[in-house]
Amino acid sequence: MMSRKNIQSMILWRAVALGLACGMAGCAVTREGRIEARGVGESLVPDSRWEVPVNVTFRVPADYIAKRSRLMITPQLLVDDSLLTEYEPIVLDATIYAKKRYRLEKLEGYQDPYKEQARLVEERDKAIEIPYQTTVTLPAGTLEAELRAVVSADGCGECSGIDTIPVASISDPLSRLKPEPRWVEPKFVVREKVRDGEGKAHLQFHINQFDMDSELGDNRTEMVKMREALEPVLTDTLATLNTLAITGIASADGPVKLNTDLARRRAEGAKAWLVAEMDIPAVVERKISVDSRPEGWEPVLEAMRAANDPDADAVAEVLTRYADQPEDTQERYIRRLACWSNIKDNYLQGDRVVEYRYSYTIRSFTSDAEILSLYETRPDAFNEEELLRVSALVADDGKRMEVYRTTLRFFPRSAVAANNLALMLWERGDEAEAERLLEPVVDTLPEARYNLGMMKAGRREINEAARLLEPFDDENARLVKGLAGGKE
């Protein structure tokens, strides 16, 4: 870093190096007024890259420039009273100075380092305004800095610094932030845990038969899938079955009443197989109901359209024309279509669908000891409140983070788990993961919105931080909003 004395010495040396001072005597004038720096705020704030855009207009008063001199305005950045960086200068040449410089170039081969940027001032008796733009880059973590401009003159017989103009101070008001992450203490409320589910089995039956035959088609695979789906509901010691409805879906072709009755018997066959296969007790069996309904021709039409079958329009026309008629009427006219053989061979399902829908209640856990014990083996049986209760009971931070992750695995929209896990990650330096967790819940949880706002403020993303902190009115929020509005 350079001291103030060294800065002035450097200015004088640079003026001497031009080689123009000697022999240009007799240009002294009495300067009135000072050069002013206008249009820049009193205090500038660095952004997330520790950069500060500077837009300033220097106003040079009338008669300030001597007629035989060059005036240089050199912006400088000082940190802790030491020169950090010097920026491109403004160079103003009076008419006589410009002529003598030109003569030296032609006669002595003088190379003027500022020739390209020098501006000729022909009317010294008028004030001049010069816009100036640059970008100041600070060392990360700089709390205070000063931007100033040093004015020097060359050509008056002695090279000298004339004035020092304060331009702006650069400060980091964000250093006054007092981050107070907002943790959410979950409130434990015992709540009934009712869960629902559904599935389909695509089964084949012998013509006009309803008994389940595991050796027919893919029945064995479909029956295993059905059992695997319902076994946790029917055998879980923590679950109580509320309802299980098995519905046979009647084929579209054939008499509706005949097919619907047959579909019901097939649903009853599926129930009988399930009861025997899983040894379901009578008290649970009574909660299993059977029913049937006609499939209709819409699935056939959808399959034809999916295959881009040109005959799909003919089927659609029949279904529209006879929409208010019994389905037997629709079938009668579909059978009369020239494409009936194509429909029968390619779009009538060979299997029959058996649907099952169920509802069950998982036992609620009320004591802390029970909650901690069952969490180790059955986290899937917990609701969100119970999982958050576990997070409040464990003492180890690593374990608590694991509980929050488990909560989000079962309840991805848990704002409390997302917020609290994000705070723990933020504390450990993983801001990217913390931000990913907070963003989806800022509109549902005020604490999450505040925390994300503070996180962005810490990264100097002022405008986005101010938007997030708009609803809040504590000292931190006011500081950030003031910076975004230019009030700091």
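The values are calculated or read from the model by the stated rules, or taken from the named source; none is laboratory data. Every value quoted in this text rests on a predicted model; they were computed, and no experiment measured them. Note that each Cβ is placed from the backbone with ideal geometry, even for glycine, and that neighbours are counted across all protein chains shown. These area figures cover heavy atoms from the full protein model, side chains too; ligands, DNA and RNA do not enter into them. Shrake-Rupley method; radii C 1.70, N 1.55, O 1.52, S 1.80 Å.
Going by amide H atoms built from the backbone, whose H comes under 5 Å of the H on Arg119, apart from near neighbours?
Val91, Leu92, Asp93
What does the C-alpha gyration tensor say about the overall shape of region 341-488? Classify as rounded when a/c is under 1.5, otherwise prolate if a/b is larger than b/c, or oblate.
oblate
Let me know the shape class of region 209-259, please: from the alpha-carbon gyration tensor, a ≥ b ≥ c as square roots of the eigenvalues, rounded when a/c is under 1.5, otherwise prolate if a/b is greater than b/c, or oblate.
Here region 209-259 falls in the oblate category.
Please give the calculated 222 nm ellipticity per residue for the chain, where each DSSP H segment of at least 4 residues contributes -39500 (n - 2.57) and the sum is spread over every residue; nearest 500 deg cm²/dmol?
Roughly -12000 deg cm²/dmol at 222 nm, from the helical runs in the chain.
Give me the percent relative contact order of region 108-241, please, defined on Cα pairs under 8 angstrom at least 6 residues apart. Intermediate values should be presented prior to the final figure.
Working: 80 pairs, mean separation 16.4, N = 134.
Relative contact order of region 108-241: 12 percent.
Ala98 versus Ala272, label points 7 Å from Cα toward the beta carbon: distance in nm?
It works out to 11.1 nm between the two label points.
For the chain, what proportion of DSSP beta bridges, expressed in % and rounded to the nearest 5, is antiparallel?
Within the chain, antiparallel bridges account for around 80 percent of the total.
State the extension gain, in nm to one decimal, for the chain segment bounded by Arg191 and Ala369, taking 0.36 nm per residue of separation less the distance between their alpha-carbons. Each step should come with its number before you reach the end.
Working: separation 178, 0.36 × 178 = 64.08 nm, distance 1.78 nm.
62.3 nm is the gain from fully extending Arg191 to Ala369.
Going by amide H atoms built from the backbone, whose H comes under 5 Å of the H on Leu44, apart from near neighbours?
It is Ser169, Ile170, Ser171, by chain and number.
Tell me the per residue accessible area of the chain using a 1.4 Å probe; a whole number in Å² is fine.
About 53 Å² of surface per residue is accessible.
From the phi angles alone, apply the Karplus equation (6.51, -1.76, 1.60; θ = phi - 60°) to region 387-397 and give each ³J(HN,Hα) in whole Hz, x where the residue is Gly or Pro.
After applying 6.51 cos²θ - 1.76 cosθ + 1.60, I find 5, 5, 5, 4, 4, 7, 8, 6, 9, 8, 4 Hz.
When a/c is below 1.5 the answer is rounded, else prolate if a/b is larger than b/c, else oblate, so apply that to region 75-134 with a ≥ b ≥ c taken from the square roots of the Cα gyration tensor eigenvalues.
Values: a/c = 3.14, a/b = 1.53, b/c = 2.06.
Oblate, since a/c reaches 1.5 and b/c is not below a/b.
For Leu348 paired with Lys106, estimate the spin-label separation in nm (one decimal), with each label point 7 Å from Cα along the Cα-to-Cβ line.
Spacing of the two 7 Å Cα→Cβ label points: 10.8 nm.
With a 10 Å radius around each residue's Cβ, average the other Cβ atoms per peptide and rank 443-456, 74-87, highest first. Kindly include the intermediate steps, with their values, before the conclusion.
Values: 443-456: 20.9, 74-87: 17.1.
Taking the mean over residues of other Cβ atoms within 10 Å, the ranking is 443-456, 74-87.
For the chain, what is one quarter of the convex hull surface built on the Cα atoms, given in nm²?
Convex hull of Cα atoms, orientation-averaged projection: 42.1 nm².
For the chain, with all protein chains present and a 1.4 Å probe, just round the carbon and sulfur fraction of the accessible area to a whole percent.
Roughly 48 percent, rounded to a whole number.
Fully extended, how many nm does the chain gain between Glu317 and Gln133 (0.36 nm per residue separation, minus their Cα-Cα distance)?
59.0 nm
Once R0 is set to 51 Å, what does the formula 1/(1 + (r/R0)^6) return for the Cβ-Cβ distance between Arg305 and Glu433, expressed as a FRET efficiency to the nearest 0.05?
Result of the calculation: an efficiency of 0.70.
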